[in-house]
Amino acid sequence: MRLQGKIAVVTGGAQGLGRAISLGMAREGAKVVVADLQTNKAESVAHEARVLSAEALALEVNVASEPSVQRLAEETFKRFGAVDILVNDAGVYLRSPVVSKTEEDWDRTFNINLGGNFLCARAFVPAMRKQRSGRIISIASSIAHTGAREFADYAASKAAIIGFVKALARELGPDGITVNAICPGSANTDMPRRHRSEEEVMARLRATPLGHVLEPEDIAGSVLFLASDAASYITGQAYNVNCGTVMI
Ligand SMILES: NC(=O)c1ccc[n+]([C@@H]2O[C@H](COP(=O)([O-])OP(=O)(O)OC[C@H]3O[C@@H](n4cnc5c(N)ncnc54)[C@H](O)[C@@H]3O)[C@@H](O)[C@H]2O)c1
């Protein structure tokens, strides 16, 4: 097991990519905090992790709220005493053309997608610094590179995550903490289904050079790699995991 005894916090852990990442961490021997707005679903993922013999805790968090993120950190330290891995997965994907996009939606996207990274870093970095080790892995998107019609706020927030990750990697390198991003292509979760029909979603998922439908577990695999000892000297990177749809 690659993460035996490590303590991992996964925001957005209640479903989709975050669920697969949480369970992947559990399979690798980590103790997992499944943190999400959706408490019941987070609790059921924590239960699945316990069935895999992992210690797991479900906590309600709104990553856009500083007091809520601070509570998440306090509860994590109370239960597990430390943190080794932070996965910033929580995100929203709101659709509207720029001219009709409300300021409220713009702010919501930025406060959750980017602000969540900032607030979680502020809450967990001091403990990682003290132990002089840590892994921060943020879920961006290949849309950060390509843009996407009617998703300008989303594209901009995900591109900003990559800049944030690079700056933080420079800031925390001397403390033995690595910071990286994964940029998934379209993956088989609820998220793309909020704005497209099932036929459209499946057609997009299949139209990749590898011809493989990207599953949450495929993204989890790359996150587990970045959390493992094999990735000790990788920092400030943004990896595309997209079956070859975007090659840069
Ligand atoms: N699915 C894809 O095709 C895809 C592609 C590229 C990037 N991503 C990114 O991967 C991440 C996960 O995507 P997914 O497909 O699993 O999405 P999803 O919508 O299935 O899950 C997102 C999770 O985040 C939680 N969440 C949302 N706002 C939150 C908040 N303020 N505080 C705490 N939790 C919150 C939700 O409750 C949900 O459980 C997101 O950051 C998304 O932008 C997804």
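The HN-Hα couplings worked out from phi for the stretch 178-193 by the Karplus form 6.51 cos²θ - 1.76 cosθ + 1.60 (θ = phi - 60°) are 9, 9, 9, 10, 10, 10, x, x, 4, 10, 7, 10, 5, 3, x, 6 Hz, whole numbers, x standing for Gly and Pro. For the pair GLN38 and GLN70, the difference between a 0.36 nm per residue extended length and the Cα-Cα distance amounts to 9.8 nm. Please work out the C-alpha center-to-center distance from the stretch 210-248 to the stretch 27-54 and express it in whole Å. What the calculation gives is 22 Å, centre to centre.
Dipole orientation for the stretch 7-237: of the candidates SER138, LEU17, THR189, SER138 has the Cα lying most toward the positive pole (charges on Cβ; Lys, Arg +1; Asp, Glu -1).
Think of each Lys and Arg Cβ as +1 and each Asp and Glu Cβ as -1; about the Cα centre, that makes the dipole of the stretch 122-248 roughly 500 debye. A Cβ-based charge dipole, computed about the Cα centre of the chain with Lys and Arg at +1 and Asp and Glu at -1, lands at about 500 debye. Against the chain, whose longest principal axis is taken from its Cα atoms, helix 16-27 shows a tilt of about 30°.
Can you tell me the orientation of helix 66-80 relative to the chain, as the angle in degrees between its alpha-carbon axis and the longest Cα principal axis, to the nearest 10? The angle comes out at about 40 degrees.
Think of the chain as having a plus end and a minus end, set by charges on the Cβ of Lys, Arg, Asp and Glu; of MET202, VAL246, ALA8, ALA8 sits farthest toward the positive end of this dipole. Across the chain, C-alpha contacts under 8 Å between residues 6 or more apart give a mean separation that, scaled by the residue count, equals a relative contact order of 19 percent. With θ taken as phi - 60° and the Karplus curve 6.51 cos²θ - 1.76 cosθ + 1.60 applied, the whole-hertz 3J(HN,Hα) list for the stretch 152-167 is 5, 5, 4, 4, 5, 5, 6, 5, 5, 4, 5, x, 4, 4, 5, 5 Hz, x standing for glycine and proline. Label-to-label distance, THR146 versus HIS195, with points set 7 angstrom from Cα along the beta-carbon direction: 1.2 nm.
Near the amide H of ALA90, within less than 5 Å, lie the amide hydrogens of THR11, GLY12, all on another chain or at least 5 residues away, with H placed in the peptide plane. A cut-off of 5 Å between modelled amide H atoms, ignoring neighbours fewer than 5 places along the same chain, links ASN240 with CYS183. Applying 1/(1 + (r/R0)^6) with R0 = 41 Å to the Cβ-Cβ distance of VAL213 and GLN4 gives a FRET efficiency near 0.85. Extending 7 Å from the Cα toward the beta-carbon at both ASP107 and ARG170 defines two label points whose distance is 3.1 nm. Take the Cα of ARG204, step 7 Å toward its Cβ, do the same at ARG132, and the gap between the two points is 4.6 nm. Stretched out straight at 0.36 nm per residue, the stretch from ILE234 to SER53 would grow longer than its current Cα-Cα span by 62.2 nm.
Each residue of the stretch 219-226 was assigned a 3J(HN,Hα) from its phi angle through the Karplus curve 6.51 cos²θ - 1.76 cosθ + 1.60 (θ = phi - 60°); the sequence is 6, 4, x, 6, 5, 5, 4, 5 Hz, with glycine and proline shown as x. Under a Cβ-Cβ cut-off of 15 Å, what is the net charge of the residues other than SER197 that fall near it, where Lys and Arg count +1 and Asp and Glu count -1? After counting each charged neighbour, the total is +2.
Every number here is computed from the coordinates shown, using simple stated rules; none is lab data. The structure displayed is predicted, hence computed values, not measured ones. Reconstructed Cβ throughout: ideal geometry from the backbone, glycine too, with neighbour counts over all protein chains shown.
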